[in-house]
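The values are calculated or read from the model by the stated rules, or taken from the named source; none is laboratory data. From a predicted model like this one, the values you see are computed outputs, not experimental measurements. Note that we place each Cβ from the backbone using ideal geometry, even for glycine, and neighbour counts take in every protein chain shown. Side chains are part of the model used for accessible areas, which takes the heavy atoms of the whole protein and leaves out ligands, DNA and RNA. Shrake-Rupley method; radii C 1.70, N 1.55, O 1.52, S 1.80 Å.
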Amino acid sequence: MEGKLRIASTDAMGTMFLAPRLPALLERWPQLDIEFSMSHQTVSLARRDADLAIRFARPQDGDLIARKLGKISYFLCGSRERVAEWRAAPESAPFIGFDDGVPDIPETQWLADHAGGNPVRFRSTSLVTQCMAARAGVGMALLPRYLLAPELECTDTAPQLQREAWAVYHSDLRALPRLRAVLDWLEGCFAEGSPA
């Protein structure tokens, strides 16, 4: 079991959820060479921009194979002071949102539906950056469970939004041993440290 395998994911998923779990994969298969390609742009698996991509919707392309990994839960949260402010006057509490680069994702739509009239004090496509701003008290943010930190308080114990995560790869790679090893590892990551 050796060679390079390139995984495409978002910066938050790669940095805060997958990277801390890499030792389990690399201790078992020390000859693997894992590369993360982290972006919000969808990579082309047909052009081999990546060997495997983690996506939040099942692709409809017939040449791609999708394996469901699990669900990711999102929570509305903020610093203790911001959550208290939100509880006292939900319609005027400041929020952290997404920039114009991702207008149609469920997170942006949820924020538009539930905080469309609130002042937005900061915008970023990066969930890691949003998390750091929320921890600093900039405003309320909708964040996945794996980004919740002790400095953040959730408005509710139930998630406000859930999204499915899929491992997607080109059908030509289905017999590649290192791909199967990484798929098994990804399923284990979601089963053990489920972001849901």
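Every residue, every condition in (1) under 28 Å from P150 (Cβ atoms); (2) β-branched (V, I, T); (3) touching a residue at least 12 places away in the same chain (Cβ under 8 Å), yes or no:
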| residue | (1), (2), (3) |
| --- | --- |
| T15 | yes, yes, yes |
| R58 | no, no, yes |
| G70 | yes, no, yes |
| L76 | yes, no, yes |
| R82 | yes, no, yes |
| R87 | yes, no, yes |
| P94 | yes, no, yes |
| D113 | no, no, no |
| G117 | no, no, yes |
query: Counting just the residues of the range 110-152 that are of a type in the set (S, T, N, Q) and within 13 Å of G78 (Cβ to Cβ), which one comes out least open to solvent (accessible area, probe 1.4 Å)?
result: Q130
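Take E107 and decide whether it is of a type in the set (D, E), crowded, with 16+ Cβ neighbours inside 10 Å and within 21 Å of the chain's Cα centre (by Cα). Step through it out loud before you land on a result.
Numbers: of a type in the set (D, E): yes; crowded, with 16+ Cβ neighbours inside 10 Å: yes; within 21 Å of the chain's Cα centre (by Cα): yes.
So E107 fits the description; yes.
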query: Do you know which of the residues in the range 64-81 that are in contact with a strand residue (DSSP E or B) (Cβ under 6 Å, 6 or more places away or on another chain) and open to solvent by 50 Å² or more (accessible area, probe 1.4 Å) is modelled with the highest pLDDT?
result: R80
- request: Kindly provide the set of residues from the range 46-68 that are assigned to a loop (DSSP other than H, G, I, E, B) and among the small types (G, A, S), ordered by number.
  value: A46, A50, A57, G62
